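Please treat every number below as a calculation from the coordinates, not as lab data. Keep in mind the model is a prediction, meaning the values are calculated, not measured.
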Amino acid sequence: MKRTIDGLVEAGEPLILEAIAALRRYHEAQDGNEPPVQVERLRLIAESVYQAVTDYQLYAFDRKPLTRH
């Protein structure tokens, strides 16, 4: 993997796109008056994927290990 901003973005792009899609699904559920349980489920999924993006970026910049205990 390239140790440049472009290389990091390129390597993490699928995960970033997944996070954007998860957030979009969450907002669509809110706007579409989905049941509160479904909206909350989608919120948790979006939050989880965004956390994965953050963890990946920190790992890629050697800020902390990727594993959690």
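Shown in residue order for the range 44-61 are the 3J(HN,Hα) couplings computed by the Karplus curve 6.51 cos²θ - 1.76 cosθ + 1.60 at θ = phi - 60°: 5, 5, 4, 4, 5, 5, 5, 5, 5, 4, 4, 4, 4, 5, 5, 4, 5, 8 Hz (x for Gly and Pro).
What the phi angles of the range 13-20 give under the Karplus curve with 6.51, -1.76 and 1.60, with θ = phi - 60°, is a coupling list of 4, x, 5, 5, 5, 5, 5, 5 Hz, glycine and proline written as x.
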